[in-house]
1. So for each of 75-87, 27-39 I average, over its residues, the number of other beta carbons within 10 Å; can you give me the resulting order with the highest mean first?
2. Under a point spin-label approximation (7 Å from Cα along Cα-to-Cβ), what is the residue 97-residue 112 distance to one decimal in nm?
3. Compute the whole-percent fraction of alpha carbon pairs in the stretch 2-97 spaced more than 19 Å apart.
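Throughout, read-outs are computed from the coordinates displayed, never taken from laboratory work. In this text the structure is predicted, and so the values were computed from the model without any measurement. Here the Cβ is made from the backbone with ideal geometry for all residues, glycine too, and neighbour counts use every protein chain on show.
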């Protein structure tokens, strides 16, 4: 695995296209000069790992010859596997050192503003929308 400089991370984008969680982190690493990106190739990557703080996000072919290396050389932190293939591979290699966490996802697209409007005043105030975004 080689470190991919910020100026050449665009080829990694398709590997992370199906990631629905951690988009803020993924986009910050791929589109801004934050974090680190590693891949098997700078021009035609098949496997990649993004890192920002404690977050380590895997993508690409979980059965690639370098998958084991990219998992075992990953510094500690929160290892994020979007696919079942990556989850199985990570747990198979270092599962005895891992704790898995059930996460709940939220969608602004499915936010029911009518339901929020029926809630007691403190919640309505906390979730009121302003012209510039959500107000506290």
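1. 27-39, 75-87
2. Between residue 97 and residue 112, the label points sit 4.5 nm apart.
3. Details: 1479 of 4560 pairs.
Here the long-distance tail beyond 19 Å is 32 percent of all Cα pairs in the stretch 2-97.
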